[in-house]
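K.L.:
First, the structure itself, so that you have it in front of you.
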Amino acid sequence: MFQGIELAEMLPYVAVGLVAQIIDGALGMAFGVISSTLLVAVIGVPPATASAGVHLVECCTTGVSGISHALHRNINWRLFFRLLIPGVIGGVTGAYLLTSIDASATRPVVMTYLALVGFYLLWRGIRYPPQREREPKVVEPLGLLGGFLDAAGGGGWGPVVTSNLLVQGATPRTTIGTVNSVEFFLTVSISITFLIGIGSRGFGPDFWHPVLGLLVGGVIAAPFGALVAKRVPTKALLVMVGMVLSATSLFSIWRFFA
């Protein structure tokens with residue numbers, strides 16, 4: 001299965017994992033979106049392969065994150081179960097559709113979505129922090145949409161769901177902990193769907209180079225994310241991530257149609 005894997009070929013993906021995990025550790029979101037944007041727009045990985053690789057890596061990172069949040073009592077269990085089933089349904093549907101459509105057709109759609117997420121994060125950064133806290137009302141539809149977009153775009157569960165819940169006035173600590181905990185079950189479901197959909201044709205070096213590279217980069221960068229979170233204000237990070245995602249995605253769209 002790992003035949004033909006070369007360290008030199010993994011280095012670009014290790015770099016992507018480093019950058020994405022540092023930002024994700026600081027914001028509590030954006031590993032999937034940043035990884036997928038760089039893999040698809042810069043390195044040229046097919047959208048389905050990029051999303052499958054990112055979600056396999058996130059099975060490890062979100063599992064550890066979820067356990068940590070549970071131990072620190074950062075989970076709102078009522079919100080957890082309201083997000084869980086719709087999120088999994090949306091994620092499986094998005095993964096199935098992405099593996100059923102030709103990569104050349106999905107690339108501009110995926111990059112347009114990622115550009116919109118970038119603009120959204122930029123807007124959230126400018127408006128950060130929210131003015132008041134209250135119980136969110138729109139939850140299940142948000143979980144369904146977030147799961148679908150996360151699978152179809154290779155990331156977005158955190159930026160879409162967490163940001164929308166915070167906009168509705170949800171408490172930041174339990175919202176981030178709950179959304180991150182649900183993400184483990186979402187990524188496992190999406191990964192299984194991708195592995196079934198891609199089949200044996202996708203298990204060559206072209207698949208494992210991104211997966212192993214992202215995993216190594218993410219593990220190395222994990223301690224630095226917390227350091228960045230202490231040094232750089234959340235508002236500034238949201239603005240910077242939004243600008244990078246938007247610019248990278250728009251460049252990829254322009255290059256596709258040029």
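The values are calculated or read from the model by the stated rules, or taken from the named source; none is laboratory data. Computed from a predicted model, the values in this text were never measured in an experiment. Positions of Cβ are backbone-derived with ideal geometry, glycine not excepted, and every protein chain shown enters the neighbour counts.
K.L.:
Keeping to segment 167-178, report how many residues are surrounded by fewer than 21 Cβ atoms within 10 Å (Cβ to Cβ) and outside any loop (DSSP other than H, G, I, E, B).
P.N.:
4
K.L.:
Name the residues in segment 11-22 that are surrounded by 24 or more Cβ atoms within 10 Å (Cβ to Cβ) and not hydroxyl-bearing (S, T, Y), would you? Step through it out loud before you land on a result.
P.N.:
Residues of segment 11-22 surrounded by 24 or more Cβ atoms within 10 Å (Cβ to Cβ): 13, 16-17, 20-22.
Listed by number, the residues that qualify are V16, G17, A20, Q21, I22.
K.L.:
What are the residues in segment 114-134 that are under 14 Å from P172 (Cβ atoms) and either polar (S, T, N, Q) or modelled with pLDDT of 80 or more (or both), if any?
P.N.:
Answer for segment 114-134, where residues must be under 14 Å from P172 (Cβ atoms) and either polar (S, T, N, Q) or modelled with pLDDT of 80 or more (or both): just Q131.
K.L.:
Residue by residue through segment 48-78, note down the ones that are touching an Asp or Glu at 6+ places or on another chain (Cβ under 9 Å) and not charged (D, E, K, R).
P.N.:
Within segment 48-78, the first condition is being touching an Asp or Glu at 6+ places or on another chain (Cβ under 9 Å), and the residues that meet it are 49, 51, 55, 58, 61-62, 65-66.
Result: T49, S51, H55, T61, T62, S65, G66.
K.L.:
Moving on to the next point. Search segment 73-98 for residues that are closer than 21 Å to Q168 by Cβ and modelled with pLDDT of 95 or more and pair each with any residue that is aliphatic (A, V, I, L, M) and not in a helix (DSSP H, G or I) when their beta-carbon atoms are under 6 Å apart and the residues are at least 6 apart or on different chains.
P.N.:
Here the result reads R82/V139, each pair linking segment 73-98 to a residue that is aliphatic (A, V, I, L, M) and not in a helix (DSSP H, G or I).
K.L.:
Let me ask another. Out of the residues in segment 28-48 that are surrounded by 24 or more Cβ atoms within 10 Å (Cβ to Cβ) and β-branched (V, I, T), which is farthest from A115 (Cα to Cα)?
P.N.:
By that ranking, first place goes to V45.
K.L.:
Do the conditions hold for V33, that is, is it of a type outside the set (S, T, Y), farther than 20 Å from V161 by Cα and touching a residue at least 40 places away in the same chain (Cβ under 8 Å)? Spell out how you get there, then give the answer.
P.N.:
Values: of a type outside the set (S, T, Y): yes; farther than 20 Å from V161 by Cα: no; touching a residue at least 40 places away in the same chain (Cβ under 8 Å): yes.
Here the answer is no, as V33 does not meet what is asked.
K.L.:
Here's another thing I want to ask about it. Quick one: in segment 85-121, which of the residues that are in contact with a Phe, Trp or Tyr (Cβ under 7 Å, 6 or more places away or on another chain), farther than 17 Å from W254 by Cβ and of a type outside the set (G, A, S) is surrounded by the fewest Cβ atoms within 10 Å (Cβ to Cβ)?
P.N.:
Checked segment 85-121; the qualifying residue surrounded by the fewest Cβ atoms within 10 Å (Cβ to Cβ) is T93.
K.L.:
Name every residue in segment 181-195 that is modelled with pLDDT under 85 and either crowded, with 24+ Cβ neighbours inside 10 Å or touching a Ser or Thr at 6+ places or on another chain (Cβ under 9 Å) (or both), in order of residue number.
P.N.:
The first filter runs over segment 181-195 and keeps only residues modelled with pLDDT under 85, leaving 194-195.
If the condition is that a residue be modelled with pLDDT under 85 and either crowded, with 24+ Cβ neighbours inside 10 Å or touching a Ser or Thr at 6+ places or on another chain (Cβ under 9 Å) (or both), then F194 is the only one that fits.
K.L.:
Kindly indicate whether any position in segment 31-47 is among the aromatic types (F, W, Y), modelled with pLDDT under 75 and on the phi < 0 side of the Ramachandran plot.
P.N.:
Going through segment 31-47, the residues among the aromatic types (F, W, Y) turn out to be 31.
Keeping just the survivors that are modelled with pLDDT under 75 gives none.
Within segment 31-47, none of the residues are among the aromatic types (F, W, Y), modelled with pLDDT under 75 and on the phi < 0 side of the Ramachandran plot.
K.L.:
When N74 is evaluated against the numbered criteria (1) in contact with a Gly (Cβ under 9 Å, 6 or more places away or on another chain); (2) over 11 Å from P210 (Cα atoms); (3) part of a helix (DSSP H, G or I); (4) of a type outside the set (D, E, K, R), which criterion, by number, is the only one it fails?
P.N.:
It is condition (3) that N74 fails.
K.L.:
Tell me the residue from R82, R124 that is crowded, with 19+ Cβ neighbours inside 10 Å, in a helix (DSSP H, G or I) and either touching a strand residue (DSSP E or B) at 6+ places or on another chain (Cβ under 6 Å) or of a type in the set (K, R) (or both), please.
P.N.:
On the way: R82 fails: crowded, with 19+ Cβ neighbours inside 10 Å.
Selected residue: R124, the only one of R82, R124 that is crowded, with 19+ Cβ neighbours inside 10 Å, in a helix (DSSP H, G or I) and either touching a strand residue (DSSP E or B) at 6+ places or on another chain (Cβ under 6 Å) or of a type in the set (K, R) (or both).
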